[in-house]
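Quick note: the coordinates plus some simple rules give every number you see, no bench work behind them. Given the structure is predicted, the values throughout are model-derived calculations rather than measurements. Virtual Cβ from ideal backbone geometry, glycine too; neighbours counted across all protein chains shown.
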Amino acid sequence: MEERFDNEEKKHSCFGKGFFGGFVAAFLLMGVVVAGMLVGRSLAGPKHPVPGGQQSSQTNGGDESESGQETQAPVVQLPETILDEAFVEEINTIYEQMQYYYLYDIDVDDLHDGMLQGMLAALGDPYSVYYNENDLDNFTAQTEGEYYGIGCMVSQDLITGIITIVTPYVGAPAYEAGILPGDILYAVDGEVVTGADLDQVVMGIKGNAGTTVELTIVREGEADYLYFDVERRKVEIPTVEYDMKDGQIGYIAVTSFDGVTFEQFKNAFKDLEKQGMKGLVIDMRDNGGGLLSTVEEMLDYLLPKGVIFYAKDKYGNKYLEYTSDRAAALNVPLAILINGNTASAAEVFSGNIQAFGMATLVGTNTYGKGIMQNTYTTTPEKNTAIKLTVADYYIHGDRNIHGIGIAPDVEVELNPEVAKQVVIADEDDNQLQAALKAVRDQLQ
């Protein structure tokens with residue numbers, strides 16, 4: 001729902017233009033972090049042998065495929081070790097020089113973590129990271145809902161590492177503290193987070209209910225840093241909101257794909273039908289993803305028969321195929337609102353409906369995340385882990401959107417001044433007005 005490291009001066013100089021070169025979104029609520037696409041109760045990846053480790057139960061979605069099929073990798077001859085004699089000698093030489101010359105004390109545990117983190121960083125994949133014991137404990141706790149949050153959605157530029165506030169939810173602690181969309185999160189409790197792993201940043205912001213976290217914010221137009229002490233508490237945000245617009249055009253906004261989202265969406269759709277809905281706008285802006293199983297349910301409800309998703313691993317194994325196989329509920333003109341923060345599962349939803357030719361997409365190009373991750377423990381004690389990118393995924397028409405995103409049929413940039421507002425009036429939302437027009441044009 002990420003990072004590269006740099007010195008503090010370069011980090012600070014990144015606060016210029018182009019904050020959204022790409023991002024991973026995360027909800028700072030209670031419960032599961034949406035950092036890309038979580039894959040539901042039983043979606044993980046192909047079960048390949050993992051020398052020296054095993055697949056963690058804390059994966060992005062579990063440890064068996066939806067279809068129950070297990071794909072096996074071909075036998076690969078791995079080198080006995082990458083730690084040959086010359087390499088070990090160089091490591092020891094560097095360590096000796098550090099001990100002899102380095103001005104400050106050396107923490108050997110930090111060195112170990114740093115070496116392992118560097119090994120994952122060397123892949124050049126921002127989604128593949130190392131979790132030490134503390135990181136893994138925090139991740140486990142947050143996925144079990146033991147931590148509380150501040151009620152906002154953040155995103156991270158994959159090129160600069162800058163973390164930006166996307167949406168502070170009305171009534172939640174971040175909103176009450178005065179956090180605004182577009183604010184840049186520079187530090188958490190005094191620690192600079194630009195370039196850090198987004199999952200770990202989210203872990204640091206979450207905590208026990210009633211405690212506070214200090215956020216250091218960079219805001220356009222402000223010469224100095226802004227500091228906010230934000231209380232952590234339980235935050236429950238409805239994932240679906242809806243109403244009827246002028247001309248009997250329904251409007252449904254989906255903020256994420258959680259376990260309850262399909263029922264909320266279906267109830268909204270049916271209620272709008274009862275009210276005489278003649279057309280529909282579905283708002284997927286700033287939706288950073290969620291459960292693939294929920295997306296599958298929603299698409300199966302709306303679309304006619306056809307393939308809507310499958311994954312493919314590095315060996316060419318195809319698995320996790322989802323197919324819409326029921327009668328399509330969608331029988332009115334549809335427009336879908338998208339933007340650069342529409343990512344992962346939200347792209348699966350929007351891209352499929354576009355590929356089936358059943359909607360006009362309005363807004364700006366989506367983020368473009370078309371890969372899946374899985375988590376594997378790395379020690380017999382299962383107290384450390386790595387997260388690895390394990391597969392590409394494809395939507396209807398054998399389409400992979402990774403690094404490309406989904407282009408709108410009608411391109412409309414949200415007015416810059418409006419984008420800074422937490423709550424946007426319909427008449428000021430030029431993207432919404434363009435979507436409503438697209439539906440009215442189809443009704444004529």
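So here's what we get for this one:
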| read-out | value |
| --- | --- |
| Sparsely packed trypsin sites (Lys or Arg not before Pro) within the stretch 315-385, loop by DSSP, other Cβ within 10 Å at most 16 | ARG326, LYS382 |
| Fully extended contour minus Cα-Cα distance, from VAL192 to LYS274, at 0.36 nm per residue | 24.4 nm |
| Extension gain (nm, one decimal) between LYS234 and GLU321, 0.36 nm per residue minus Cα-Cα | 27.7 nm |
| In the stretch 292-330, the chymotrypsin sites (Phe, Trp or Tyr not before Pro) that fall in loop regions by DSSP, at most 16 other Cβ within 10 Å | TYR315 |
| DSSP beta bridge pairing in the stretch 240-443, given as percent antiparallel to the nearest 5 | 60 percent |
| Average projected area [Cα convex hull, the stretch 240-443], square nanometres | 13.0 nm² |
| Point-charge dipole on Cβ atoms (K/R +1, D/E -1) for the stretch 240-443, about Cα centre, debye to 20 | 600 debye |
| Inter-label distance, nm, simple model (7 Å from Cα along the C-beta direction), THR212/LYS382 | 3.9 nm |
| √(5λ) per eigenvalue of the Cα gyration tensor, the stretch 196-329, largest first, Å | 35, 24, 14 |
